[in-house]
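Trainee: Below are the structure tokens for one structure; questions will follow.
Read the figures in this text as sums done on the coordinates, not as results from a lab. These figures come from a predicted structure and were not determined experimentally. Cβ placement follows ideal geometry from the backbone for every residue including glycine, while neighbour counts extend to all protein chains displayed.
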Amino acid sequence: MKKIVFAVAALALATTAAFADVIADRQAVMKENAKQVGTLVKMVKGEAPFDAAAVVAALTALNDNVQKIDVAASFPAGSDKGDTTASPKIWEDLAGFQAQVDKFKEVTAAAVASPAADLDALKAQVGTIGQTCGTCHEAFRVKKG
């Protein structure tokens, strides 16, 4: 009996640790996305000068990161528990969430294909990227605080 209890406890601990890794991995992706968007936003706000090479670098890094998002691998069933702001709505509407991720992939790919050549174009690109992020966050993220 002790062996069964130990085995079940070990399995539960391993499962919790696996979900913690998945959660940490997807949080790292989102933090990296925020970093790249932040570089662009600083230019839009006038906190940094427009720099076409920095725009291309930030858009490329953002797009590379976004294209790697695998909903099934990053949001497995049960990974809504723990230190996460992922909303349970993700698992209730996985197809809708996947559609939002796919839209984000399209938006970032389009931005890389035609990077902003000036500040006005960057403002438009950042607006589109921000709207895409915001739409997903409103529907599929639990607000902290």
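Trainee: What number of residues within the range 92-103 are more than 14 Å from ALA73 (Cβ to Cβ) and among the hydrophobic types (A, V, I, L, M, F, W, C)?
Mentor: 2
Trainee: Could you list, in sequence order, the residues of the range 68-99 that are among the acidic types (Asp, Glu) and closer than 12 Å to ARG141 by Cβ?
Mentor: Scanning the range 68-99 gives a single hit, ASP80.
Trainee: Still on this model: Take the residues in the range 42-85 that are closer than 15 Å to THR108 by Cα and touching a residue at least 60 places away in the same chain (Cβ under 8 Å), then tell me which one is surrounded by the most Cβ atoms within 10 Å (Cβ to Cβ).
Mentor: The extreme case among them is LEU59.
Trainee: Just give me the residues in the range 24-45 being among the basic types (Lys, Arg) and under 15 Å from GLN125 (Cα atoms), in sequence order.
Mentor: LYS42, LYS45
Trainee: I'm checking my understanding of the structure. Among residues of the range 71-96 that are charged (D, E, K, R) and touching a helix residue (DSSP H, G or I) at 6+ places or on another chain (Cβ under 9 Å), which one is farthest from CYS133 (Cα to Cα)?
Mentor: This residue is LYS81.
Trainee: Moving to a separate point now. If you check VAL37, VAL107, which single one turns out to be of a type outside the set (D, E, K, R), free of Cβ contacts under 8 Å to residues at least 40 places away in the same chain and surrounded by 16 or more Cβ atoms within 10 Å (Cβ to Cβ)?
Mentor: Answer to the selection: VAL107.
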